[in-house]
Amino acid sequence: MYIAEFAQGMEPLDISNSRFVTDAIATAEDLGGTLAGTATGPRCQSRNLLINGLRLHLLDWGEPHQQPLILLHGGVVTCRTWGPFCALLADRYRLIAVDMRGHGDSEWPRDGQASHNVMADDLAKLITTLELDRPVVVGHSVGGMLLMRVMMSAPDLLGPVALVDVGPKTAYGGWTPRAEVTDAGRLYDDPEEYVQRNAPRLKRSESHMRRNAHHEFMRRADGQYQLKYDPRHPMGGPDSSTMPGLPTLQQMATYQGRCLVVRGENSWFLAQEDGEELAQRMPQGEFATVADSEHMVYIENPVGLAEVIDRYLCAIAAGNGTEGTAP
């Protein structure tokens, strides 16, 4: 049973006044963000698309006429983790946060097929299905790994891109996929157990974790709760069997489009020198850091990341580049 509200068919569902949007705004403001726009708050729709034979879910923030940004989450989490980030920018951009196959409110592939190459093709098909003209794409972690593949295979689909705490070289050891959820460490009697167990480890306040848990969990038939992702999904790693097709640094150096490499200031996933080298090797690469964050940049410091992305896109619009550190 899914707890969070989302569209049940192909017609969009307006969730602008839902608990999810209210919680996203509250967390953004708790973390020091200031929301602009109308007194009624940001527009947010839940939508489903049929992509490569699967129903993929997305949240569509902001107004349709605004510059589109596609947002790709990392492994295990969902498009809803972009909520506070979207709440901060929905007055000036159209933000399309996607639940990747096997994650969030998207369908789980019946055959378990969720290789990164297949998921990268999902992204390319999503851009053409939505008829977006070279949108900005922001990819974090696994989402960035998918984005790098599209940068190599279909660069003409993309406008400026941002790789958030990810690159062709990382310090990540990989993930062992599971055939079914049986690990007691991944099941919870209730979402509050998740909050108490993980808030200290993830260095987040209990209030933020509690808001997030309501939207990230599903309840199983046996009454236990699990995060909304298919445990068969290979999260990736340096082993080619889990990340086939990940571009090398040498291949990424040939990318001619604009690319911002963003690193969490205290990241354990992407080394400073590796992020800087990636940005330097690309003809239009730039580098920025977000303070007070490790790997989960857009969850730990959505305000800082929103400032970095907005500044980058404003500089492009003004005909300049940008680099630096966001508070």
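The values are calculated or read from the model by the stated rules, or taken from the named source; none is laboratory data. Predicted, not measured: the structure shown is a model, and the values here were computed from it. In this analysis, Cβ positions are derived from the backbone assuming ideal geometry, glycine residues included, and neighbour counts consider all displayed protein chains. Side chains are part of the model used for accessible areas, which takes the heavy atoms of the whole protein and leaves out ligands, DNA and RNA. Shrake-Rupley method; radii C 1.70, N 1.55, O 1.52, S 1.80 Å.
Here are the numbers for this structure:
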| read-out | value |
| --- | --- |
| Residues whose placed amide H lies under 5 Å from that of Glu63, excluding near-sequence neighbours | none |
| Whole-Hz couplings from phi, Karplus 6.51/-1.76/1.60, listed for region 116-123; x for Gly and Pro | 5, 5, 5, 5, 5, 5, 4, 4 |
| Antiparallel content of DSSP bridges confined to region 18-131, in %, to 5 | 65 |
| Solvent-accessible heavy-atom area per residue, rounded to whole Å², over the chain at 1.4 Å | 41 |
| Entry for Rg and Dmax of the Cα atoms in Å (calculated from the structure that is shown) out of [x] 18.3, 56; [y] 20.9, 59; [z] 20.8, 68 | [x] |
| Peptides 60-71, 156-167 ordered by average Cβ neighbours within 10 Å, highest first | 156-167, 60-71 |
| Where chymotrypsin sites (Phe, Trp or Tyr not before Pro) fall in DSSP loop in region 259-316, at most 16 other Cβ within 10 Å | Trp268 |
| Quarter of the Cα convex hull surface for region 3-120, i.e. its orientation-mean projected area (nm²) | 7.7 |
| Under the Karplus curve 6.51 cos²θ - 1.76 cosθ + 1.60, θ = phi - 60°, whole-Hz ³J(HN,Hα) for region 201-213, x wherever Gly or Pro sits | 5, 8, 6, 10, 5, 5, 5, 5, 5, 5, 4, 5, 4 |
| Most mobile of Met145, Met100, Met296 in a GNM of the chain (Cα contacts under 10 Å) | Met296 |
| Region 20-73-region 273-318 distance, computed between alpha-carbon centres (Å) | 20 |
| Sequence-distant residues sharing a close amide H with Arg94 (under 5 Å, placed H) | Gln66, Gln67, Leu69 |
| Paramagnetic reach from Asp292 in region 209-234 [backbone N under 17 Å; point 7 Å along Cα→Cβ] | 209 |
| Additional length obtainable on full extension of the chain from Gln8 to Thr34, 0.36 nm per residue less Cα span | 6.1 nm |
| Amide proton proximity set for Ile3, modelled H, under 5 Å, gap of 5+ | Arg219 |
| Estimated vicinal HN-Hα couplings, Hz - region 54-62 in sequence order (Karplus 6.51, -1.76, 1.60; Gly, Pro = x) | 10, 7, 9, 9, 9, 10, 10, 9, x |
| Three-way shape call for region 82-129 based on the alpha-carbon gyration tensor, with the a/c threshold at 1.5 | prolate |
| Most to least packed among 110-121, 133-144 [average Cβ atoms within 10 Å] | 133-144, 110-121 |
| Antiparallel content of DSSP bridges confined to the chain, in %, to 5 | 40 |
